[in-house]
1. From the Cα gyration tensor of the stretch 33-74, with a ≥ b ≥ c the square roots of its eigenvalues, which class applies: rounded if a/c is under 1.5, or else prolate if a/b is larger than b/c, or else oblate?
2. With every protein chain in place, what's the accessible area of SER116 (1.4 Å probe, Å², nearest 10)?
3. Suppose R0 equals 41 Å. What FRET efficiency, 1/(1 + (r/R0)^6) with r the Cβ-Cβ distance, do GLU228 and HIS53 give to the nearest 0.05?
4. State to the nearest 20 debye the size of the charge dipole of the stretch 1-152 about its Cα centre, where the only charges are +1 on K and R beta carbons and -1 on D and E beta carbons.
5. Mind checking the full-extension length gain between ALA237 and THR90? Use 0.36 nm per residue of separation minus the Cα-Cα distance, one decimal, nm.
6. Measuring from a point 7 Å past the Cα of ARG146 along Cα-to-C-beta, which residues in the stretch 55-74 have an amide N at less than 17 Å?
7. What's the center-to-center distance, using Cα atoms, between the stretch 191-236 and the stretch 37-89 in Å?
8. How far, in nm, would the chain grow between ASP81 and THR124 when pulled straight, counting 0.36 nm per residue and subtracting the alpha carbon separation?
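The values are calculated or read from the model by the stated rules, or taken from the named source; none is laboratory data. Every value quoted in this text rests on a predicted model; they were computed, and no experiment measured them. For neighbour counting, all protein chains shown are included, and Cβ atoms are generated from backbone atoms with ideal geometry for every residue, glycine included. Quick note on the areas: whole protein, heavy atoms, side chains included, nothing else; ligands and nucleic acids left out. Shrake-Rupley method; radii C 1.70, N 1.55, O 1.52, S 1.80 Å.
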Amino acid sequence: MTQPNAVLTLRTERLALASKPFAARGATVPRCPRCQIAVEHCCCAWARPGQSHLRFCLLMHHKEPMKPTNTGRLIAEILPDTAAFCWDRTEPDPALLALLADPQYQPMIVFPGQYSTPERVHETIAVPTGKTPLLILLDGTWKQARRMFQSDYLAGLPVLSITPEALSRYKLRSAAHDHQLATAEVAAQVLAIGGDQRNAQVLDAFFQVFSQRYYAGKRQLPVTADTEPFAYLENLADELDSRRALIRSSWSG
(Lines give C-alpha, C1' and ligand atoms only; values in the text may rest on other atoms or scores of the structure.)
Protein backbone atom coordinates (compact mmCIF):
# COMPACT_ATOMS: atom_id res chain seq x y z
CA MET A 1 0.00 0.00 0.00
CA THR A 2 1.31 3.46 -0.91
CA GLN A 3 2.27 5.55 2.12
CA PRO A 4 0.78 9.06 2.46
CA ASN A 5 2.95 12.07 1.71
CA ALA A 6 1.67 15.45 2.92
CA VAL A 7 3.93 17.41 0.56
CA LEU A 8 2.61 15.56 -2.48
CA THR A 9 -0.91 16.28 -1.22
CA LEU A 10 -0.06 20.00 -1.12
CA ARG A 11 1.36 19.76 -4.62
CA THR A 12 -1.84 18.14 -5.91
CA GLU A 13 -3.98 20.80 -4.23
CA ARG A 14 -1.96 23.65 -5.72
CA LEU A 15 -2.05 22.10 -9.18
CA ALA A 16 -5.83 21.86 -8.93
CA LEU A 17 -6.06 25.56 -8.04
CA ALA A 18 -3.63 26.73 -10.74
CA SER A 19 -5.10 28.79 -13.58
CA LYS A 20 -2.32 27.74 -15.95
CA PRO A 21 0.11 24.81 -16.18
CA PHE A 22 3.08 24.94 -13.82
CA ALA A 23 6.17 25.69 -15.91
CA ALA A 24 9.72 25.74 -14.59
CA ARG A 25 13.14 24.66 -15.74
CA GLY A 26 12.89 20.97 -16.60
CA ALA A 27 9.08 21.02 -16.66
CA THR A 28 9.00 19.05 -19.92
CA VAL A 29 10.98 16.11 -18.46
CA PRO A 30 8.83 12.98 -17.88
CA ARG A 31 9.05 12.57 -14.10
CA CYS A 32 8.04 9.99 -11.55
CA PRO A 33 4.89 11.50 -9.96
CA ARG A 34 6.16 10.61 -6.48
CA CYS A 35 9.89 11.40 -6.30
CA GLN A 36 9.75 13.94 -9.18
CA ILE A 37 12.98 12.59 -10.70
CA ALA A 38 13.25 11.73 -14.39
CA VAL A 39 11.36 8.43 -14.73
CA GLU A 40 14.35 6.28 -15.67
CA HIS A 41 16.24 7.56 -12.60
CA CYS A 42 13.36 7.18 -10.08
CA CYS A 43 14.53 6.68 -6.48
CA CYS A 44 11.25 5.46 -4.93
CA ALA A 45 12.50 1.87 -4.61
CA TRP A 46 14.95 3.01 -1.90
CA ALA A 47 12.41 4.70 0.38
CA ARG A 48 12.26 3.02 3.80
CA PRO A 49 9.26 4.48 5.70
CA GLY A 50 9.36 4.27 9.47
CA GLN A 51 8.05 5.72 12.72
CA SER A 52 9.65 8.10 15.19
CA HIS A 53 8.97 9.55 18.62
CA LEU A 54 9.49 12.94 16.95
CA ARG A 55 7.04 14.50 14.51
CA PHE A 56 7.79 17.06 11.82
CA CYS A 57 5.62 19.87 10.51
CA LEU A 58 6.74 21.50 7.27
CA LEU A 59 5.71 25.13 6.84
CA MET A 60 6.35 25.69 3.15
CA HIS A 61 6.54 28.68 0.87
CA HIS A 62 3.80 28.19 -1.70
CA LYS A 63 6.32 27.51 -4.48
CA GLU A 64 8.15 24.72 -2.66
CA PRO A 65 5.69 21.82 -3.15
CA MET A 66 5.89 22.48 -6.90
CA LYS A 67 9.68 22.22 -7.16
CA PRO A 68 11.12 18.85 -8.23
CA THR A 69 14.23 19.70 -6.20
CA ASN A 70 12.31 20.17 -2.96
CA THR A 71 13.60 17.80 -0.25
CA GLY A 72 10.81 18.35 2.27
CA ARG A 73 8.85 15.57 0.63
CA LEU A 74 11.73 13.17 1.36
CA ILE A 75 11.04 13.69 5.06
CA ALA A 76 7.37 12.86 4.52
CA GLU A 77 8.42 9.80 2.51
CA ILE A 78 10.50 8.37 5.36
CA LEU A 79 8.19 9.57 8.17
CA PRO A 80 4.63 9.44 6.77
CA ASP A 81 3.06 11.20 9.77
CA THR A 82 4.88 14.41 8.75
CA ALA A 83 2.45 17.32 8.36
CA ALA A 84 2.81 19.99 5.67
CA PHE A 85 1.14 23.38 5.21
CA CYS A 86 1.65 26.31 2.87
CA TRP A 87 2.74 29.42 4.72
CA ASP A 88 0.62 32.55 4.90
CA ARG A 89 1.66 35.53 6.99
CA THR A 90 -1.83 36.79 7.91
CA GLU A 91 -4.18 33.87 7.13
CA PRO A 92 -2.53 30.64 8.27
CA ASP A 93 -4.25 27.34 7.58
CA PRO A 94 -6.70 26.66 10.47
CA ALA A 95 -5.46 23.05 10.53
CA LEU A 96 -1.93 24.35 11.19
CA LEU A 97 -3.14 26.49 14.10
CA ALA A 98 -5.05 23.51 15.49
CA LEU A 99 -1.92 21.34 15.30
CA LEU A 100 0.18 23.96 17.08
CA ALA A 101 -2.44 24.23 19.82
CA ASP A 102 -2.93 20.46 20.24
CA PRO A 103 -2.02 19.67 23.87
CA GLN A 104 -0.39 16.36 22.94
CA TYR A 105 2.41 18.23 21.13
CA GLN A 106 5.21 20.60 22.14
CA PRO A 107 6.02 22.69 19.04
CA MET A 108 9.60 23.84 18.44
CA ILE A 109 10.82 25.87 15.47
CA VAL A 110 14.06 24.67 13.91
CA PHE A 111 15.99 27.84 13.11
CA PRO A 112 19.40 29.42 13.82
CA GLY A 113 19.37 30.77 17.36
CA GLN A 114 21.03 34.08 16.53
CA TYR A 115 17.79 35.28 14.93
CA SER A 116 15.79 34.79 18.12
CA THR A 117 15.78 36.11 21.66
CA PRO A 118 18.08 34.06 23.93
CA GLU A 119 15.30 32.82 26.22
CA ARG A 120 13.61 31.01 23.33
CA VAL A 121 16.72 29.17 22.15
CA HIS A 122 17.43 25.50 22.93
CA GLU A 123 20.15 23.15 21.70
CA THR A 124 18.40 19.96 22.78
CA ILE A 125 14.87 18.62 22.39
CA ALA A 126 13.43 18.72 25.89
CA VAL A 127 9.64 18.65 26.24
CA PRO A 128 7.25 18.14 29.17
CA THR A 129 6.46 14.53 30.07
CA GLY A 130 3.66 13.09 28.00
CA LYS A 131 4.10 15.48 25.08
CA THR A 132 5.41 14.65 21.61
CA PRO A 133 8.01 17.01 20.14
CA LEU A 134 6.61 18.74 17.03
CA LEU A 135 9.53 20.12 15.02
CA ILE A 136 8.54 22.94 12.66
CA LEU A 137 10.74 23.23 9.58
CA LEU A 138 10.53 26.41 7.48
CA ASP A 139 10.84 25.22 3.90
CA GLY A 140 11.84 27.87 1.37
CA THR A 141 14.78 30.01 0.36
CA TRP A 142 16.79 31.57 3.16
CA LYS A 143 15.10 34.96 2.55
CA GLN A 144 11.66 33.33 2.59
CA ALA A 145 12.43 31.32 5.74
CA ARG A 146 13.51 34.44 7.64
CA ARG A 147 10.23 36.10 6.74
CA MET A 148 8.27 33.00 7.74
CA PHE A 149 10.07 32.91 11.09
CA GLN A 150 8.65 36.35 11.90
CA SER A 151 5.02 35.16 11.64
CA ASP A 152 2.95 36.28 14.63
CA TYR A 153 1.51 32.80 15.22
CA LEU A 154 5.03 31.39 15.65
CA ALA A 155 6.16 34.09 18.07
CA GLY A 156 7.08 32.76 21.48
CA LEU A 157 7.52 29.14 20.44
CA PRO A 158 10.80 27.53 21.53
CA VAL A 159 13.56 27.56 18.92
CA LEU A 160 15.77 24.52 18.34
CA SER A 161 19.06 25.90 17.07
CA ILE A 162 21.39 23.58 15.16
CA THR A 163 24.87 24.35 13.91
CA PRO A 164 25.83 22.38 10.80
CA GLU A 165 29.20 20.72 11.23
CA ALA A 166 29.73 19.92 7.56
CA LEU A 167 29.11 21.62 4.27
CA SER A 168 25.83 20.74 2.62
CA ARG A 169 26.05 17.97 0.00
CA TYR A 170 23.00 19.40 -1.76
CA LYS A 171 24.16 20.82 -5.08
CA LEU A 172 20.86 20.81 -6.99
CA ARG A 173 19.95 24.32 -5.87
CA SER A 174 22.17 27.25 -4.91
CA ALA A 175 22.31 28.26 -1.25
CA ALA A 176 22.81 31.69 0.26
CA HIS A 177 25.95 30.46 2.04
CA ASP A 178 28.02 27.30 2.21
CA HIS A 179 26.58 26.00 5.48
CA GLN A 180 22.93 26.34 4.46
CA LEU A 181 21.47 22.85 4.51
CA ALA A 182 18.69 21.30 2.48
CA THR A 183 15.48 20.74 4.47
CA ALA A 184 15.98 16.97 4.55
CA GLU A 185 19.53 17.43 5.86
CA VAL A 186 18.21 19.62 8.67
CA ALA A 187 15.59 17.01 9.57
CA ALA A 188 18.23 14.27 9.69
CA GLN A 189 20.29 16.36 12.13
CA VAL A 190 17.19 17.01 14.26
CA LEU A 191 16.44 13.28 14.41
CA ALA A 192 20.00 12.63 15.57
CA ILE A 193 19.74 15.36 18.23
CA GLY A 194 16.46 13.80 19.38
CA GLY A 195 18.02 10.36 19.78
CA ASP A 196 16.45 8.72 16.73
CA GLN A 197 19.67 7.63 15.09
CA ARG A 198 18.08 4.98 12.88
CA ASN A 199 15.69 7.32 11.09
CA ALA A 200 18.42 9.99 10.96
CA GLN A 201 20.62 7.56 9.04
CA VAL A 202 17.76 6.37 6.82
CA LEU A 203 16.73 9.91 5.90
CA ASP A 204 20.32 10.96 5.26
CA ALA A 205 20.91 7.93 3.01
CA PHE A 206 17.65 8.49 1.12
CA PHE A 207 18.55 12.16 0.68
CA GLN A 208 21.88 11.13 -0.86
CA VAL A 209 20.16 8.61 -3.15
CA PHE A 210 17.68 11.29 -4.25
CA SER A 211 20.46 13.82 -4.90
CA GLN A 212 22.58 11.36 -6.88
CA ARG A 213 19.67 10.10 -9.00
CA TYR A 214 18.29 13.59 -9.59
CA TYR A 215 21.67 14.89 -10.71
CA ALA A 216 22.15 11.89 -13.01
CA GLY A 217 18.75 12.44 -14.55
CA LYS A 218 19.37 16.14 -15.00
CA ARG A 219 22.72 15.51 -16.71
CA GLN A 220 21.45 12.46 -18.62
CA LEU A 221 24.09 10.29 -16.98
CA PRO A 222 23.85 6.50 -16.70
CA VAL A 223 21.68 5.11 -13.92
CA THR A 224 23.76 3.99 -10.93
CA ALA A 225 23.02 2.35 -7.60
CA ASP A 226 26.46 1.28 -6.46
CA THR A 227 27.34 3.84 -3.80
CA GLU A 228 27.21 3.41 -0.02
CA PRO A 229 23.76 5.02 0.58
CA PHE A 230 22.14 2.58 -1.88
CA ALA A 231 23.83 -0.38 -0.19
CA TYR A 232 22.73 0.81 3.26
CA LEU A 233 19.08 1.08 2.21
CA GLU A 234 19.21 -2.25 0.36
CA ASN A 235 20.53 -3.93 3.53
CA LEU A 236 17.62 -2.45 5.51
CA ALA A 237 15.19 -3.99 3.03
CA ASP A 238 16.92 -7.37 3.33
CA GLU A 239 16.72 -7.19 7.14
CA LEU A 240 13.01 -6.36 6.97
CA ASP A 241 12.35 -9.25 4.58
CA SER A 242 14.20 -11.63 6.92
CA ARG A 243 12.12 -10.49 9.91
CA ARG A 244 8.89 -10.94 7.97
CA ALA A 245 9.95 -14.43 6.90
CA LEU A 246 10.78 -15.32 10.51
CA ILE A 247 7.37 -14.08 11.68
CA ARG A 248 5.58 -16.05 8.96
CA SER A 249 7.58 -19.13 9.92
CA SER A 250 6.60 -18.79 13.58
CA TRP A 251 2.93 -18.44 12.64
CA SER A 252 3.00 -21.52 10.42
CA GLY A 253 4.78 -23.49 13.13
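1. Here the stretch 33-74 falls in the oblate category.
2. Answer for SER116: close to 20 Å² accessible.
3. 0.95
4. It works out to roughly 520 debye.
5. 48.5 nm
6. Flagged as within label range: 61.
7. If you average the Cα positions of each part, the centres end up 14 Å apart.
8. 13.3 nm
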